[in-house]
Amino acid sequence: MTTAIIIIVAVLVVAAAVYFFVIRRGPVGGRSLQSRFGPEYDRVVARHGGDTKAAEQELGERVKLHGDLEKRPLTEAARAEYTARWARTQEQFVDSPQQALHEADALLADLSRDRGFPAGESFEERADALSVHHPRHIDGYRRVHTARSDGTGTGTEEMREAFVDARNLFDALLADGPAPRRHDNRQLTKGQGTS
């Protein structure tokens, strides 16, 4: 009888440890970071020259710093204003792609700040925080920021692709849940309004 109790207690202790370290703590490294961050994981590994340990340490730090960030909800008025602002920016792209990228970059910074992400001066700090919560959408924002900063070195097609990809982050930030699928990028589809 005593042996059975010891075995039951040992099984419960092991189950509690598994629950705490695996389930409750969630992804902490390796494959779990890779699946959590997706393309952002690959970008960080490449930036570290293929050093996955350094990349995983950086991504783990991002999760520690920004993982518990609570997103603030938007009012309906703010949501409507951001939607109208994006529509104006999208229309502007046809005549002035570079200016539209400047506006899209500023718009995403304002929207992310209003949702509770860091409002610091550093684009990288903001992008790092966003990557923890929106890793599948951060690349478009990075591309808009880079193309905006690049000046004349980026072609119209690259700017258009970056702008269209950035719309995914805009949608995700605008929504309280999953990004809505009702946006219209027809003006920016290949062969229409761009050269």
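The values are calculated or read from the model by the stated rules, or taken from the named source; none is laboratory data. Since the structure is predicted, the reported quantities are computational estimates derived from the model, not experimental observations. Here the Cβ is made from the backbone with ideal geometry for all residues, glycine too, and neighbour counts use every protein chain on show. The area values use the complete protein model at the heavy-atom level, side chains included, leaving out ligands, DNA and RNA. Shrake-Rupley method; radii C 1.70, N 1.55, O 1.52, S 1.80 Å.
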(request) Per residue of region 39-51, in order, report the coupling 6.51 cos²θ - 1.76 cosθ + 1.60 (Karplus, θ = phi - 60°) as ³J(HN,Hα) in whole Hz, putting x for Gly and Pro. (result) x, 5, 4, 4, 5, 5, 4, 4, 5, 8, x, x, 7
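What dipole magnitude, in Debye to the nearest 20, does region 43-96 give about its Cα centre under +1 on Lys/Arg Cβ and -1 on Asp/Glu Cβ? Please list the in-between numbers first.
Working: 10 positive and 10 negative charges, 10 e Å.
It works out to roughly 40 debye.
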(request) Note down the net charge around Leu65, summing +1 for each Lys or Arg and -1 for each Asp or Glu among other residues with Cβ under 10 Å from its Cβ. (result) -2
(message) Please list 3J(HN,Hα) in residue order for region 61-71, calculated via the Karplus relation 6.51 cos²θ - 1.76 cosθ + 1.60 where θ = phi - 60°; whole Hz, with x for glycine and proline.
(response) 5, 4, 5, 4, 6, 10, x, 8, 4, 9, 6
(request) Just subtract the alpha-carbon distance of Glu125 and Asp68 from 0.36 nm times their residue separation and send over the number in nm, one decimal. (result) 19.0 nm
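Net charge around Asp139, counting only other residues with Cβ within less than 11 Å of its Cβ (Lys, Arg = +1; Asp, Glu = -1)? It would help to have the intermediate numbers written out before the result.
Working: positive: Arg43, Arg136, Arg142, Arg143; negative: Glu40, Asp42, Glu161, Asp165.
Value of the local net charge: 0.
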(message) Which one, Asn168, Pro73, Ala129, is farthest towards the positive end of the dipole of region 68-172 when Lys and Arg carry +1 and Asp and Glu -1 on their Cβ?
(response) Pro73
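Using R₀ = 35 Å, calculate the FRET efficiency as 1/(1 + (r/R₀)^6) where r is the Cβ-Cβ separation of Thr75 and Thr52; round to 0.05. Present the calculation step by step, with values, prior to reporting the outcome.
On the way: r = 42 Å, r/R0 = 1.21.
E between Thr75 and Thr52, to the nearest 0.05, is 0.25.
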(request) Ignoring everything but the protein chains, give the 1.4 Å probe accessible area of Arg85 in square angstrom, nearest 10. (result) 50 Å²
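Can you pull out the GluC sites (Glu not before Pro) in region 63-167 that DSSP calls coil and that have at most 11 other Cβ atoms within 10 Å?
Values: sites: Glu70, Glu76, Glu81, Glu91, Glu103, Glu121, Glu124, Glu125, Glu157, Glu158, Glu161; in loops: Glu70, Glu121.
Passing sites in region 63-167 are Glu70, Glu121.
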(message) Using each residue's phi in region 83-94, evaluate 6.51 cos²θ - 1.76 cosθ + 1.60 at θ = phi - 60° and report the 3J(HN,Hα) Karplus result to the nearest Hz, with x for Gly and Pro.
(response) 4, 5, 5, 5, 4, 5, 5, 5, 4, 5, 4, 4
